[in-house]
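The values are calculated or read from the model by the stated rules, or taken from the named source; none is laboratory data. Note that the structure is predicted; figures quoted are calculated from it, not measured. Cβ atoms come from the backbone with ideal geometry, glycine included; neighbour counts cover every protein chain shown.
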Amino acid sequence: MIFARLRITQAPSAAPSMAAADEALPPYPHSQCSRVTGRLSVLEDSLRQQAFDTVQLCFRGIIASSVGGRSAVEDIITLTDIKTASDFQAPAQTSANDSQNAHHAPFYFELPTTISSSGSTKLRALPLTSRISGTTRRPSTGGLNDTRSIRGECDISYWIEAQFQQAGKLVGFLSEPVKIAPSLYTPRLRASLANTKSQPLTLPAKPDLLSRCKIAKTPALSVTLYEPDMAISTDPTTNKRSIALPLAISIDHTASIDARQSVKCTADIKWEVHTRFSPTANNGRRSSISETVYKSTTASVCKSSILFRPLPQYDNTQRKSYIATSQLDLAVPDAVSQPTLQWRHLSRTYTLDMTLTFHGLQGAPKYTLHSSIPLNITAAGGRNAGPGQDMDMDVLKDDIVISIAEAGAESDTDEELDPNPPPFPGTNTMQTTTQIQPQTVVVRQPTPPPPYFR
């Protein structure tokens, strides 16, 4: 019999916590690395009796979606770490919650913020731990207009499991849930214009109804968002996030317009979050409405006044258009805490519902612009990040990352975990032969979901 305990000593975050750092673990390769650390403890009697020879630690993540009577599971990520019986060492000092006869083996998993699915090179962001619920409607057999409500739920969950093996045979199992919090992405989120191919976005504004009824031609006004990629900054004092949208307006036929005057604008901006989940895979075709739950929420509403100032003119040439620039500062709501998600059974997108009203321009009527701008939220960094930039660790989902680190001093923590994990009904065993060195290697081998999710 094996007496063991699995503990999570540090949840994943964008920056390491020095207080929770373990001296036995390697240092962070860069300041923005995301890491979850833990410790596996085994009683000395289990080691003396040679109840096991290896332990396979797995970090797993899934998307479980169910609507009505249908359900589906999508595998997000699988990371694996191998420990041998010799990796469990007696601690130099024991805390009040540790057994004096326990031997410990610290471990860690470095989490990527983006991963690619099997057979695809498209990178997808890691969704945060959450539970989403909603309803959809299904036509009833009573009549064409008779519908009934169908409830659906989507769970995004992560956990670490320890599989004790003896000569390749499973002899014990432990598991512990892990929460992926918004701190994984908060310091490095960026917003870009979706479907613009890094080009400026130009939108036409409409004059008021009275000016459109006149016989004389009304000058055309357009608004251009010139910055296709914008960083979401965080105020270190207030911890509030914001984003700056650089805007420019252009008015044709400026014969009746004084090019030196400024333009006043009233902005009404709404952040909208759209979530979709379904047990049917999203393969580019619209799923049945009775099997798909759509949720659209308004995260926040921002109202502000903007003053567009004209560009300076250094000669006496007559311009064909009036051009003025300004900047719109927007507060970013807490709902925008993770990147845009495009998984088979779950998607999450963002839009800016923008209404701009221009007034106070002599020689031109009142203009109004209303548009819903899709935004693509991503995590900054990448494999080819330059010096001084953060770098994401992009790995393939179906790769097994085997991290072998020398064990040393334990991490002192008083965090209490559930000592009675759920029973394990069986699994497919897997052996990986690797030379034991303090390094990380990648073995290409598909990892199926656990049996209790099949």
The number of residues in the stretch 60-71 that are surrounded by fewer than 20 Cβ atoms within 10 Å (Cβ to Cβ), aliphatic (A, V, I, L, M) and over 21 Å from the mean Cα position of the chain (by Cα) is 0
Subset of the stretch 90-111, residues in contact with a strand residue (DSSP E or B) (Cβ under 7 Å, 6 or more places away or on another chain) and either under 17 Å from Ser46 (Cβ atoms) or at pLDDT below 85 (or both), comes to Ala90, Pro91, Ser99, Asn101, Ala102, His103, His104, Ala105
Counting only residues in the stretch 302-354 that are assigned to a loop (DSSP other than H, G, I, E, B) and of a type in the set (D, E, K, R), the one surrounded by the most Cβ atoms within 10 Å (Cβ to Cβ) is identified as Arg344
Restricted to the stretch 247-263 and to residues being part of a loop (DSSP other than H, G, I, E, B) and in contact with a Leu (Cβ under 8 Å, 6 or more places away or on another chain), the residue modelled with the highest pLDDT is Ser262
Leu184 vs (1) touching a Ser or Thr at 6+ places or on another chain (Cβ under 6 Å); (2) modelled with pLDDT of 85 or more: all pass except (2)
Sole miss for Arg39 among (1) surrounded by fewer than 18 Cβ atoms within 10 Å (Cβ to Cβ); (2) in contact (Cβ under 8 Å) with a residue 40 or more places away in the chain is condition (1)
Only unsatisfied item for Thr266, checking (1) more than 23 Å from Ala380 (Cβ to Cβ); (2) part of a loop (DSSP other than H, G, I, E, B); (3) among the hydroxyl-bearing types (Ser, Thr, Tyr), is (2)
Listed by first then second residue, the pairs whose first member lies in the stretch 220-246 and is modelled with pLDDT under 90, whose partner is part of a loop (DSSP other than H, G, I, E, B) and of a type in the set (Gly, Ala, Ser), with beta carbons under 6 Å and at least 6 positions apart or on separate chains, are Pro228/Ser198
